[in-house]
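Participant: Have a look at the structure that comes next, please.
The values are calculated or read from the model by the stated rules, or taken from the named source; none is laboratory data. No experiment lies behind these values; they were computed from the predicted model shown. Quick reminder, even Gly has a Cβ in these numbers, built from the backbone with ideal geometry, and neighbours come from all protein chains shown.
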Amino acid sequence: MERREQDDSYRHVLKYTWVFGGVQGLKILVTLLRNKLTAKLLGEAGMGLNKRFLNIAEVLNAWTDFGISFYAVRRISELYEEGTEDEMRRFVGVIRTWSVWSALLGAMLCFFLASWLNDYYIPGEPHRLEIMLLSLFVASVPIEAVECAVLKGLRRLRTVAVVEILSALSTFLFTVPLYYWLGMRGIVLSLVMCGWSVSLIHLFFSVRIYRYRVRLFSHSVVREGWPLIRIGIPYVLAGVAGAMAAGEVFKFLGDDRIVGLYSVGYGLMVTYAGMIFKAVETDFFPRLSSLNHDTVRLNHTINQQIDVCVLLMAPILILFILVMPWAIRLLYTENFLPAVPMAVCAVFYMFFKAVTTPIAYTSLAKADSWLYLLMECIYDVVFVLMMRFGYSQMGLTGAGLALSAAALFDLLMIGSVYGLYYQYRMRMRTFALIIPQGILLLVTVLVCLLATPTVKYAAGMCCLVLSVLFSLRLLSSDSSVIQKVNSKFRR
């Protein structure tokens, strides 16, 4: 009986990781094509400027979103388990009202603080009017986040998958033509168009479940939403700390070209490989939220998610390392090749995150927002210090090493603190599968950085084959999903 339950649980984890990993894969293909055209149309400096505008929006949204979307997924998931339809409908109305207030507040701050934001985040370049226009993009973010939270909390996972694909396509259709016609002047306008198109796509699907209704001046809604805001204050501060840490990194990196190279290196090894984490967030967080009072089941669920994340992530990272120079030429231009050593050195950032992320969701699932804030702030401080030191000593390569070192620190900190606070325990089986995959990844990194091309690809391919076989053997032994796939191929 226990074996059957474990098999069913692994089958569920793998099913939705594959589903949303596949969706993210399709989304990434669209993003890759968009980035290729963007690199040709805007160059390194244009991509760096785009990243600076996005960072401004992230800081403002972090200040004004009140952590509504995080809390909404958790609360809606609980109400879904309880089956309280009327309470669910009322709660959705509350968070939608507060999302509108959040959108208005963020937009006003962006509009009226445009001059200061220009001087602080893009010193020496006149972009005040563009930042004022950026306020429209800032307003779209909380609307989209809350509607996405409604779909996730209600476990409408297929709908979320469809929304992800449509959002990627709409972003591509608005971005490339504007860059072609306007060049760097079209960056902010494309952000605005993309932001609101994604929000409208989410609304199209969510309002079919619950009719859109907000009561901006209702005292009862304000009163009901205030506990949500109080819980969300630490999430706001954590988001602000993270966005400001990224802003500090952009400031000491220097000009837009270096920021553009850093963004490409970060994107290659963090954003694209991060499709696994998107799959984790979509299905794992609502499930974890519904188990937040059961320590035994919580530990079991977290360890299973770590198993799947590591076994899927390690082969992907090894493959990414081997094809990195070709990927740069294919996805961007040869001007971005200096980002390759940084991306290779940053590979352990994602590997450690594959272990840390499922554990870190515990405080979110339990709504222990102040502990979450403390962990995030400590990490952000260490991250900035490591990045400053790494970049000053070894340039972008040092920045890649600093990313990996910061992720290792985060893993050790989260694992220790949550072990004491939540009684989280990593089982030996999980630890035993992390070590060999980590060794194979380390060997691949070393041969790619130090060996000749012949040795690099020979040793790297051996590591890739061993990693894939190791993952397939363990996943197939614990889930009938892969066994079913294999049986179809045998036919």
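Matching residues to (1) modelled with pLDDT of 80 or more; (2) among the basic types (Lys, Arg); (3) farther than 30 Å from PHE66 by Cβ:
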site	(1), (2), (3)
GLY260	yes, no, yes
GLU281	no, no, no
CYS309	yes, no, no
PRO325	yes, no, yes
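Participant: Would the stretch 164-174 turn up any residue that is at pLDDT 90 or above, of a type in the set (D, E, K, R) and under 19 Å from the mean Cα position of the chain (by Cα)?
Facilitator: no
Participant: Still on this structure, I have one more. What pairs come up if the first residue lies in the stretch 404-424 and is under 14 Å from THR357 (Cβ atoms), the second is charged (D, E, K, R) and surrounded by 13 or more Cβ atoms within 10 Å (Cβ to Cβ), and their beta carbons are under 6 Å apart, counting only those six or more places apart or on different chains?
Facilitator: Close Cβ pairs satisfying both conditions: ALA407/LYS353.
Participant: Enumerate the helices (runs of 4 or more DSSP H) found wholly within the stretch 57-142, keeping only those where 1 or more residues are surrounded by 24 or more Cβ atoms within 10 Å (Cβ to Cβ) and free of Cβ contacts under 8 Å to residues at least 60 places away in the same chain.
Facilitator: Those helices (runs of 4 or more DSSP H) span 85-112.
Participant: Return yes or no: is GLN393 farther than 30 Å from SER77 by Cβ and out of contact with any Cys (no Cβ under 9 Å at 6 or more places or on another chain)?
Facilitator: yes
Participant: Right, here's the next one. For the stretch 374-389, what are the residues that are closer than 23 Å to ARG75 by Cβ and buried (at least 21 other Cβ atoms within 10 Å of the Cβ)?
Facilitator: Matches in the stretch 374-389: GLU376 only.
Participant: Determine whether GLU58 is within 21 Å of the chain's Cα centre (by Cα), at pLDDT 70 or above and acidic (Asp, Glu).
Facilitator: yes
Participant: Quick test of your reading of the structure: ARG96 fulfils all but one of (1) under 17 Å from LEU364 (Cα atoms); (2) in contact with a Lys or Arg (Cβ under 9 Å, 6 or more places away or on another chain). Name the failing condition by number.
Facilitator: Condition (1) is where ARG96 drops out.
Participant: Just checking, does the stretch 368-377 include any residue being at pLDDT below 90, in contact with a Leu (Cβ under 7 Å, 6 or more places away or on another chain) and not charged (D, E, K, R)?
Facilitator: yes
Participant: Do we have any residue at all in the stretch 85-107 that's modelled with pLDDT under 80 and more than 24 Å from the chain's Cα centre (by Cα)?
Facilitator: There is at least one residue in the stretch 85-107 that is modelled with pLDDT under 80 and more than 24 Å from the chain's Cα centre (by Cα).
Participant: Taking the stretch 424-438, which residues are among the basic types (Lys, Arg) and in a helix (DSSP H, G or I)?
Facilitator: The answer is ARG429, and nothing else.
Participant: Then there is this: If a residue must be out of contact with any Ser or Thr (no Cβ under 7 Å at 6 or more places or on another chain) and surrounded by 13 or more Cβ atoms within 10 Å (Cβ to Cβ), how many such residues does the stretch 430-445 contain?
Facilitator: 11
Participant: Quick check on MET413: is it under 22 Å from PRO325 (Cα atoms), surrounded by fewer than 20 Cβ atoms within 10 Å (Cβ to Cβ), at pLDDT 90 or above and touching a helix residue (DSSP H, G or I) at 6+ places or on another chain (Cβ under 9 Å)?
Facilitator: Judged against the criteria, MET413 is not a match.
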